[in-house]
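S.K.: If you scroll down you'll find the structure; I have some questions about it.
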Amino acid sequence: MRDNNDIICGRNSVLEAIRSGNMVDKILILEGKHDGPTNTILREAKKNKIIVEFTNKSVLNGMCEEKKHQGVIAYVSPYEYAEVDDILDKAKAKGEDAFIIILDEIEDPHNLGAIIRTANLCGAHGVIIPKRRAARLTSVVANTSAGALNYTPVAKVTNIAKTIEELKKKGLWFVCGDMSGEVMYNLDLKGPIGLVIGNEGSGVSENVKKKCDFIASIPMKGDIDSLNASVSCGVLCYEIVRQRMG
């Protein structure tokens, strides 16, 4: 059964969700559970490249009544993910250089929603997020985006670094936000571009940072040393907008 927009409880319900093509993001299974239906779910999850995590009964009971979850709970997305090519096609249809925002493990759904809102308002053609260790598209994200999620495609990929490499072959170049970089005003941010924003705590991972062509920093004049991830994204996005207008 579906307890809310984000969770499905029970072996049969989870298995049917996978087989029907519903957007299953992650499956939680009671550790040590290896019966026939559970093994079938594991096989189907592997086939469909769905993340599986094993956890204890208290976690599952806290999410859904024990008799209902049967040792299996799935996270499902109430919103459909796009493909990376959908984002590129949107730019092409508008006759514009591609402008994509790539999020390297943004975990706070409020930050994700705010970034999607900014992406829409600044004219970005879409957002790319990783499958693992990142916020998913949920009702919280949708509400925070103030409706922008309905107009801004969000693609989910297995490997951010590999996706950047593939997009480079299609003519994009990449800049990531990091305090160690060149001041953003000194960089040429025009043309087909991907803006990479890192995790709220650790920033852009080294593996992803190495794939970027430039590293951009935001001038800081206050007494603290960093901005919220969604605010940083907004500042960098609008420097891109300013340069494109110029």
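S.K.: Condition first: more than 17 Å from the chain's Cα centre (by Cα) and more than 23 Å from Gly201 (Cβ to Cβ). Now tell me which residues in region 152-181 satisfy that.
M.R.: Glu165, Glu166, Lys168, Lys169, Lys170, Gly171, Leu172, Trp173
S.K.: List the residue pairs whose Cβ atoms are under 8 Å apart, where the first residue sits in region 82-95 and is over 16 Å from Gly191 (Cα atoms) and outside any helix (DSSP H, G or I), the second is open to solvent by less than 70 Å² (accessible area, probe 1.4 Å) and not charged (D, E, K, R), and the two are 6 or more positions apart or on different chains.
M.R.: Short answer, once both residue conditions are applied: Ala82/Gly126; Ala82/Pro153; Ala82/Val154; Ala82/Ala155; Glu83/Ala155.
S.K.: Can you pull out the residues in region 144-196 that are among the β-branched types (Val, Ile, Thr) and within 28 Å of Asn48 (Cα to Cα)?
M.R.: Thr152, Val154, Val157, Thr158, Ile160, Thr163, Ile164, Val196 - these are the residues of region 144-196 that are among the β-branched types (Val, Ile, Thr) and within 28 Å of Asn48 (Cα to Cα).
S.K.: Now for a separate question. Can you tell me which residue in region 131-162 is modelled with the lowest pLDDT, limited to those that are touching a strand residue (DSSP E or B) at 6+ places or on another chain (Cβ under 7 Å) and open to solvent by less than 10 Å² (accessible area, probe 1.4 Å)?
M.R.: Across region 131-162, the extreme among qualifying residues is Leu137.
S.K.: Here is a follow-up. Suppose we keep only residues that are among the basic types (Lys, Arg) and over 24 Å from the mean Cα position of the chain (by Cα) within region 64-93. Which one would you say is farthest from Ala119 (Cα to Cα)?
M.R.: Going residue by residue through region 64-93, those that are among the basic types (Lys, Arg) are 67-68, 90, 92.
Subsequent filtering for residues that are over 24 Å from the mean Cα position of the chain (by Cα) retains 67-68.
Working: Lys67: 42, Lys68: 39 Å.
Looking at the filtered set, the residue picked out is Lys67.
S.K.: Kindly list, by first and then second residue, each pair from a residue in region 10-34 that is open to solvent by 40 Å² or more (accessible area, probe 1.4 Å) to a residue that is assigned to a strand (DSSP E or B) and not hydrophobic (A, V, I, L, M, F, W, C), limited to pairs with Cβ atoms under 6 Å and residues at least 6 apart or on different chains.
M.R.: The qualifying pairs are Lys26/Tyr75.
S.K.: Let me ask you something else. Give the residues of region 203-246 that are among the hydroxyl-bearing types (Ser, Thr, Tyr), under 21 Å from the mean Cα position of the chain (by Cα) and open to solvent by less than 60 Å² (accessible area, probe 1.4 Å), sorted by residue number.
M.R.: Those that are among the hydroxyl-bearing types (Ser, Thr, Tyr), under 21 Å from the mean Cα position of the chain (by Cα) and open to solvent by less than 60 Å² (accessible area, probe 1.4 Å): Ser205, Ser230, Ser232.
S.K.: Among the residues of region 64-80 satisfying the criterion of being touching a strand residue (DSSP E or B) at 6+ places or on another chain (Cβ under 8 Å), closer than 20 Å to Thr138 by Cβ and assigned to a loop (DSSP other than H, G, I, E, B), which is most open to solvent (accessible area, probe 1.4 Å)?
M.R.: Tyr79
S.K.: Would you be able to say whether some residue in region 178-201 is surrounded by fewer than 19 Cβ atoms within 10 Å (Cβ to Cβ), closer than 18 Å to Asn111 by Cβ, without any contact (Cβ under 8 Å) to a residue 12 or more places away in the chain and not β-branched (Val, Ile, Thr)?
M.R.: Yes; the residues of region 178-201 include at least one that is surrounded by fewer than 19 Cβ atoms within 10 Å (Cβ to Cβ), closer than 18 Å to Asn111 by Cβ, without any contact (Cβ under 8 Å) to a residue 12 or more places away in the chain and not β-branched (Val, Ile, Thr).
S.K.: Can you go through Thr144, Thr138, Thr55 and tell me which one is more than 18 Å from the chain's Cα centre (by Cα) and hydroxyl-bearing (Ser, Thr, Tyr)?
M.R.: Thr55 is the lone residue from the list that is more than 18 Å from the chain's Cα centre (by Cα) and hydroxyl-bearing (Ser, Thr, Tyr).
S.K.: Quick check on Leu149: is it within 13 Å of the chain's Cα centre (by Cα), touching a residue at least 60 places away in the same chain (Cβ under 8 Å) and assigned to a helix (DSSP H, G or I)?
M.R.: Yes.
S.K.: Answer yes if at least one residue in region 56-64 is small (Gly, Ala, Ser) and under 26 Å from Val127 (Cα atoms), and no otherwise. It would help to see each step written out before you state the result.
M.R.: Within region 56-64, the subset small (Gly, Ala, Ser) is 58, 62.
Then keep just the ones that are under 26 Å from Val127 (Cα atoms); that gives none.
Taking every residue of region 56-64 in turn, none turns out to be small (Gly, Ala, Ser) and under 26 Å from Val127 (Cα atoms).
The values are calculated or read from the model by the stated rules, or taken from the named source; none is laboratory data. Bear in mind that the values here come from a model prediction, so they are computed numbers and not experimental data. In this analysis, Cβ positions are derived from the backbone assuming ideal geometry, glycine residues included, and neighbour counts consider all displayed protein chains. Calculation scope for accessible area: heavy atoms of the full protein, side chains included, ligands and nucleic acids excluded. Shrake-Rupley method; radii C 1.70, N 1.55, O 1.52, S 1.80 Å.
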